[in-house]
Structure formats: C-alpha cells, structure tokens
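The values are calculated or read from the model by the stated rules, or taken from the named source; none is laboratory data. The structure displayed is predicted, hence computed values, not measured ones. Cβ placement follows ideal geometry from the backbone for every residue including glycine, while neighbour counts extend to all protein chains displayed.
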Amino acid sequence: MLRAIRWAAWGGVAVLGLLLLATTGGWLLTDGPLGPERVATGPASLSIGGPFSLTDHRGRAVTEQDFRGKPMAIFFGFTHCPDICPTTLGDMTNFMAALGADADRVQWIFVSVDAERDTPQAMADYLTAFDPRIVGLSGSEAQISDVARAFRVYYRKVPLEGGNYTMDHSASVFLLDATGRFAGTLDYKESEDVAVEKLRMLAAPR
C-alpha cells in the first residue's frame with residue numbers, strides 16, 4: 001500500500017511537469033470565475049520559485065533567504081476567500097497533525113494575493129483559526145506580483161456588485177526543497193494519504 005502511495009505521489013509530480021510543458025503558464029484550478037485575463041504568469045517552466053520581499057503576519061520584513069534550510073509548502077490565497085483558502089489551510093493543519101514530529105521540518109507558508117485588504121494584522125487574525133506554524137506573508141501590489149510571477153501563480157481581482165470584489169487565484173500548494181528548488185505540488189482535494197506521503201518525503205532528512 002505504501003509503495004502504491006509513493007508511486008502516486010511521484011506520478012503527480014510527473015503529471016505536473018507535463019501540464020507545465022503543455023501550457024503557457026498558470027494553474028487551471030482557481031477560486032472564482034476564470035476569465036481570459038491572466039495576471040503574473042510566465043512561460044511554462046519547471047523553474048518555480050525565486051527571490052521575493054514580503055512582510056510576515058507579525059510585521060517583520062522577510063525574503064526567500066529567511067526560509068532557506070528547510071523545505072517549504074507554500075499556498076497563495078486571501079483572507080476573504082469563501083472556500084478554497086480556508087479548506088486548504090485546514091488541510092495543512094490536518095497534514096501537520098498526521099506528520100507528527102516531521103511537520104516541524106517543513107515551513108508552512110500562506111501568501112496573500114490581496115494587497116488591498118490583507119495587512120499583516122488581517123493575516124494574523126485570520127491565521128488564528130489554523131495551526132500556529134503557518135506563516136502568513138503579504139505585501140504591496142508590486143511585491144505580490146513579483147512573487148506570484150516567480151511561482152507561475154495566476155490571480156485576478158474580480159469586481160462584485162456593490163463595489164466589493166473577490167480574488168480569482170490558483171489553488172495548488174507548492175513544495176520546495178531546503179535549497180528553494182521546486183519539488184512538486186499538492187493538488188486541491190488530493191487524497192490525504194498521497195499528500196501526507198509527499199510531505200513526508202519532502203521532510204525526510206537529506
């Protein structure tokens with residue numbers, strides 16, 4: 001059974017690579033109506049991740065260098081998200097419980113794509129509902145655009161009636177190794193057994 005899960009886990013990474021090579025950038029599953037406009041995407045490539053400068057939910061300025069030395073699980077979303085974001089962060093919390101001590105070997109990161117509303121304080125308040133090891137990152141529109149482009153993340157502001165808005169965005173969790181190299185994804189609604197096995201392999205000492 002464990003061997004089958006491992007094959008499924010690595011098979012998901014292989015399928016991801018094929019999808020990236022077959023498309024022009026971005027991820028297909030999003031949190032809202034997928035329109036023709038794509039923001040902060042680039043040519044298909046397995047070069048995912050890169051330099052960024054953001055602010056964590058405690059108000060501290062951080063860069064990608066602050067997270068080197070441990071693997072990372074990174075999710076992009078926003079605090080006013082109605083469904084995918086709280087579900088994914090809840091899944092992350094459950095994965096940590098399933099991993100036990102291995103969860104401490106991974107850095108769990110939630111990056112906002114909503115520069116207008118997601119201040120560090122808003123992120124801090126929102127994250128109280130989830131495992132405290134999840135770090136929230138936010139920033140200016142330019143900073144978010146830069147990090148989203150580095151990760152080939154799609155996001156778009158969608159106006160709503162009454163002058164409000166929501167954010168359409170990618171829904172995968174990106175996995176990076178301790179050096180910041182792309183190591184795969186956790187897909188939305190993926191089997192918990194497969195997701196935990198991927199994370200356990202990511203967390204394994206090298």
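The residues on offer are ARG206, ARG152, and the sole one that is surrounded by 20 or more Cβ atoms within 10 Å (Cβ to Cβ), part of a loop (DSSP other than H, G, I, E, B) and in contact (Cβ under 8 Å) with a residue 24 or more places away in the chain is ARG152.
Tally time: how many residues in segment 169-193 are of a type in the set (Phe, Trp, Tyr) and surrounded by 23 or more Cβ atoms within 10 Å (Cβ to Cβ)? Qualifying residue count, segment 169-193: 1. Are any of the residues in segment 123-135 in contact with a Leu (Cβ under 7 Å, 6 or more places away or on another chain) and not aromatic (Phe, Trp, Tyr)? Looking through segment 123-135, at least one residue is in contact with a Leu (Cβ under 7 Å, 6 or more places away or on another chain) and not aromatic (Phe, Trp, Tyr). For the subset of segment 134-149 comprising residues that are small (Gly, Ala, Ser) and surrounded by fewer than 21 Cβ atoms within 10 Å (Cβ to Cβ), which member is nearest to ALA203 (Cα to Cα)? Across segment 134-149, the extreme among qualifying residues is SER145.
The residues of segment 108-129 that are among the aromatic types (Phe, Trp, Tyr), within 15 Å of the chain's Cα centre (by Cα) and either over 19 Å from SER53 (Cβ atoms) or at pLDDT below 95 (or both) amount to a single one, TRP108. Considered as a group, the residues in segment 130-149 that are small (Gly, Ala, Ser) and assigned to a helix (DSSP H, G or I) include one that is farthest from GLY184 (Cα to Cα), and that residue is ALA142. Scanning segment 185-196 turns up one or more residues that are of a type in the set (S, T, N, Q), assigned to a strand (DSSP E or B) and touching a residue at least 12 places away in the same chain (Cβ under 8 Å). The residues listed here are ASP31, ASP56; of these, the one that is charged (D, E, K, R), touching a helix residue (DSSP H, G or I) at 6+ places or on another chain (Cβ under 8 Å) and at pLDDT below 90 is ASP31.
The combined condition, being touching a strand residue (DSSP E or B) at 6+ places or on another chain (Cβ under 8 Å), within 18 Å of HIS80 (Cα to Cα) and small (Gly, Ala, Ser), is not fulfilled by ALA195.
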